[in-house]
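Colleague: Before I ask anything, here is the structure I am working with.
What follows draws every value from the coordinates through simple rules; no lab data is involved. This is a predicted model, so every value here is computed, not measured. Cβ atoms come from the backbone with ideal geometry, glycine included; neighbour counts cover every protein chain shown.
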């Protein structure tokens, strides 16, 4: 079994989900008392969030590179950044380590293509939705058309992520509002939804969406937390 190196804490709510999912998947595949071999570097998210807000991505790259190198020196066989937004630093990180960085957008795109889908609504932090680092990978490398909400909707979703979900606050009224955004985009031709923030699956899920839209075949959701964790397990067990 390979050792998975997690860079977490962004936020601790979703990082806990990574740890749980990875261990559950390893145990499901290997049985008995098996669990995953994991190394973790976890940051103080308050410091990271300030640098994000200030646009100091060079500093953020240096932080992430240092964390990844620590994990590599500690015996990790791969690196998993437990957040979508911080994948803006992924190219710089991969260039400074000798082990694979499992990119969350690559893993998600593969699942979308397996379903034969070509047009996705991307939900996440405002940085993830607005900037090109995530969308470009989906569009250029995987041929998936990407649509995003309106600026007002993006600001709402960003507020829900940072001021509620990252703080462990689940307001189920927000679920209804975001599901409505999904419904409107589906009516415009979006074939699926990427929950492109690792906190969003704490609030949004396929069952609630199907129920609200009154359909068992509502637009499919792709939970990036689960997908990324599964990709890490597949690498650790299969190489």
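Colleague: If I take R0 = 41 Å and measure r between the Cβ atoms of residue 215 and residue 1 in this structure, what FRET efficiency does the formula 1/(1 + (r/R0)^6) give, to the nearest 0.05?
Modeller: Once the sixth-power term is evaluated, E becomes 0.50.
Colleague: I would also like to ask the following. If you build the convex hull over the alpha carbons only and average its shadow over all orientations, what do you get for region 77-162? Give it in nm² to one decimal.
Modeller: Value for region 77-162: 6.1 nm².
Colleague: Still on this structure, I have one more. Can you give the three extents of the C-alpha atoms in region 181-226 along their principal axes, from longest to shortest, in whole Å?
Modeller: 25, 19, 15
Colleague: Rounding to the nearest 10 and keeping the result within 0 to 90°, find how far the Cα-based axis of helix 45-54 lies from the longest principal axis of the chain.
Modeller: Once rounded, the angle reads 60 degrees.
Colleague: For the pair residue 132/residue 47, report the inter-label distance in nm, with labels modelled 7 Å from Cα in the Cβ direction.
Modeller: 3.2
Colleague: Spin-label point model (7 Å from Cα, Cβ direction): what's the residue 114 to residue 164 distance in nm?
Modeller: 3.1
Colleague: Can you give the helix-only mean residue ellipticity at 222 nm for the chain, where every DSSP H stretch with n ≥ 4 adds -39500 (n - 2.57) and the sum goes over all residues, rounded to the nearest 500 deg cm²/dmol?
Modeller: Calculated at 222 nm, the ellipticity per residue is -16000 deg cm²/dmol.
Colleague: For region 105-223, what are the per-bin percents of Cα-Cα distances with bins 5 Å wide, up to the bin holding the maximum?
Modeller: P(r) over region 105-223, rounded to whole percents: 2, 12, 24, 25, 21, 12, 4, 0.
Colleague: How large is the Kirkwood hydrodynamic radius of region 1-131, counting all unique pairs of alpha carbons, in Å?
Modeller: It is 15.8 Å.
Colleague: Quote the FRET efficiency, to the nearest 0.05, computed for residue 37 versus residue 59 with a Förster distance R0 of 41 Å and r equal to the Cβ-Cβ distance.
Modeller: For R0 = 41 Å, the calculated efficiency reads 0.85.
Colleague: Going by Cα centres, region 105-126 and region 150-184 are how many Å apart?
Modeller: Between the Cα centres of region 105-126 and region 150-184 lies a distance of 19 Å.
Colleague: How far is helix 172-187 tilted, in degrees, relative to the longest principal axis of the Cα atoms in the chain, given as a value from 0 to 90 rounded to the nearest 10?
Modeller: Its long axis makes an angle of about 70 degrees.
Colleague: Please compute, over every Cα-Cα pair in the chain, the percentage with a separation greater than 26 angstrom.
Modeller: More than 26 Å apart: 36 percent of the Cα pairs in the chain.
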